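For reference, the structure is listed below as structure tokens.
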Amino acid sequence: MQNGKNYYGIQVNLSEIEVEQNTVNRLKQLTNNLGDCYNEKKCPLPNTMSAERKAVEMYGEWLNLPTKESWGYIGGGSSIGNLQGMWMARALYPDATLVFSESAHYSIYKFSSLLNFKSVIIINTLQDGSIDINDLKRKIHREMNIVIVLTSGTTMTSAHDDVDNCIEVLNEMECTFYLHLDAALGGSIIPFISQGELGQKPSDFTFSNKNISSMTISIHKIIGVPVPANIFISRLSVVERFKSKVNEVPYLSHIKDITIYGSRDGFRAELVYKRINSLGWDGVYDIVQGLIKNCNYLLEGLKRLGLSEIFRVGGGVAIVIPVESLRKFMSYETIKDIEKRFHLVRDDENYHIYVMQHMYKKDCDEIVSVFRSALL
């Protein structure tokens with residue numbers, strides 16, 4: 001089995017994670033969190049819904065959502081978390097126009113089709129990958145009903161959309177809107193950094209912002225668990241409205257299953273709870289601060305080589321390398337060799353290197369050394 005060595009192209013934590021034996025033992029029998037984990041008494045199967053609720057509530061508090069006002073569950077990744085938020089929004093605002101940026105995760109494109117939104121508006125982004133506020137102003141109209149998906153930690157550049165200014169535009173245009181925040185990456189960064197690091201108010205990306213109805217956070221990215229996992233969190237008041245749009249399940253005590261899944265992996269839920277509980281706020285803070293420190297260290301090392309066009313956005317953990325900047329100094333074959341060696345990915349404009357917990361200072365030094373040799 002391959003370890004995480006030199007896997008620097010995707011924003012996941014490939015560090016070895018300790019898993020307690022009693023958690024591993026759960027794999028000997030089905031553990032099925034069927035339905036709403038806040039309605040555990042109606043689940044007819046062995047489950048870990050208690051741990052699932054504790055994880056949702058712990059993370060909700062980190063994101064400034066009081067326990068009594070929170071609802072959510074644990075799933076297999078933030079693509080499904082995005083679908084959950086968009087499904088809720090679509091049900092509550094059936095005639096709404098879906099709005100998102102061109103740098104939004106590809107799952108948003110998929111689910112815009114799946115949910116059959118009647119109208120979709122895609123907003124341009126700035127060079128750093130964040131949403132272009134001026135283009136938003138140009139493309140929306142007064143008194144529109146809108147479902148808007150914003151991003152905290154875009155895939156290619158780790159950028160954070162300007163949530164506050166987007167809301168200001170929507171309010172100025174007297175739009176009615178549902179805001180889902182795709183915080184798959186940023187949800188585990190925002191609570192642990194300062195405004196000086198982010199360049200925006202971190203509270204704009206938490207439930208302190210009353211305009212955010214729901215969000216998803218991937219646990220396997222920054223924090224690290226040995227399976228893909230996310231926590232979907234919503235305001236309870238939004239969920240209560242959504243329940244009226246969902247059919248009952250007669251053979252399950254007439255529950256209203258408001259989850260995308262129905263059956264969910266109880267093993268995953270326990271893994272997530274035990275991981276975040278063992279780390280606590282302080283442990284995650286240390287991880288995030290370590291990532292930012294190493295990210296800046298790698299950025300400085302590459303810039304010293306003369307790669308002046310590379311950048312890192314505030315609150316981001318990616319080094320973004322414009323493809324054209326490499327072509328000035330390297331052959332096509334050399335660039336592809338580096339891409340293969342470090343398992344990098346690229347879009348039409350940029351490569352990125354994600355500095356995650358399995359990347360140490362010595363790994364940053366190795367990357368700089370390889371680039372130095374390629375530039376000579």
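What follows draws every value from the coordinates through simple rules; no lab data is involved. Not measured: the values here are computed from a predicted model. Every residue, glycine as well, gets a Cβ built from its backbone with ideal geometry; the counts of neighbours run over all protein chains shown.
What pairs in Lys5/Lys340; Lys110/Lys274; Lys5/Lys221; Lys5/Lys110 have C-alpha atoms more than 24 Å from each other? Beyond 24 Å between Cα atoms: Lys110/Lys274; Lys5/Lys110. Distance between the C-alpha centres of segment 103-120 and segment 328-342: 34 Å, rounded to the whole angstrom. Rg and Dmax over the alpha-carbon atoms of the chain stand at 21.2, 70 Å. Checked against a 31 Å cut-off, the cross-linked pairs Lys54/Lys245; Lys201/Lys336; Lys41/Lys201; Lys201/Lys361 give Cα-Cα distances beyond that limit for Lys201/Lys336; Lys41/Lys201. Within the shell defined by Cβ-Cβ distances under 13 Å, the residues around Lys137 carry a net charge of -2, with Lys and Arg each +1 and Asp and Glu each -1.
So in segment 21-279, what percent of DSSP beta bridges are antiparallel if you round to the nearest 5? Given both bridge residues lie in segment 21-279, the antiparallel proportion sits at roughly 45 percent. Principal axis extents of the Cα atoms in segment 281-375, from largest to smallest and rounded to whole angstrom, are 45, 25, 23.
The relative contact order of segment 281-375, computed from alpha carbon pairs under 8 Å that lie at least 6 residues apart in sequence, is 34 percent. For Asn209, neighbours were defined as the other residues whose beta-carbon sits under 15 Å from its Cβ, and their charges (Lys and Arg +1, Asp and Glu -1) total -4. Gaussian network model of the chain, Cα springs within a sub-10 Å range: biggest mean-square fluctuation belongs to which of Leu305, Leu198, Leu181? Highest fluctuation of the listed residues: Leu305. For segment 312-376, chymotrypsin sites (Phe, Trp or Tyr not before Pro) meeting the loop criterion (DSSP other than H, G, I, E, B) and having at most 15 other Cβ atoms within 10 Å: Phe329, Tyr360. Note on segment 1-160: Kirkwood hydrodynamic radius from all Cα pairs is 18.9 Å, rounded to one decimal.
Each other residue within a Cβ distance under 14 Å of Ile258 adds +1 if Lys or Arg and -1 if Asp or Glu, for a net charge of +4.
Rounded to the nearest 20 debye, the dipole size of segment 185-316 about its Cα centre is 180 debye, using +1 on the Cβ of Lys and Arg and -1 on the Cβ of Asp and Glu. Ranked by how many other Cβ atoms sit within 10 Å of their own Cβ, fewest first, the residues Thr97, Thr67 fall in the order Thr67, Thr97.
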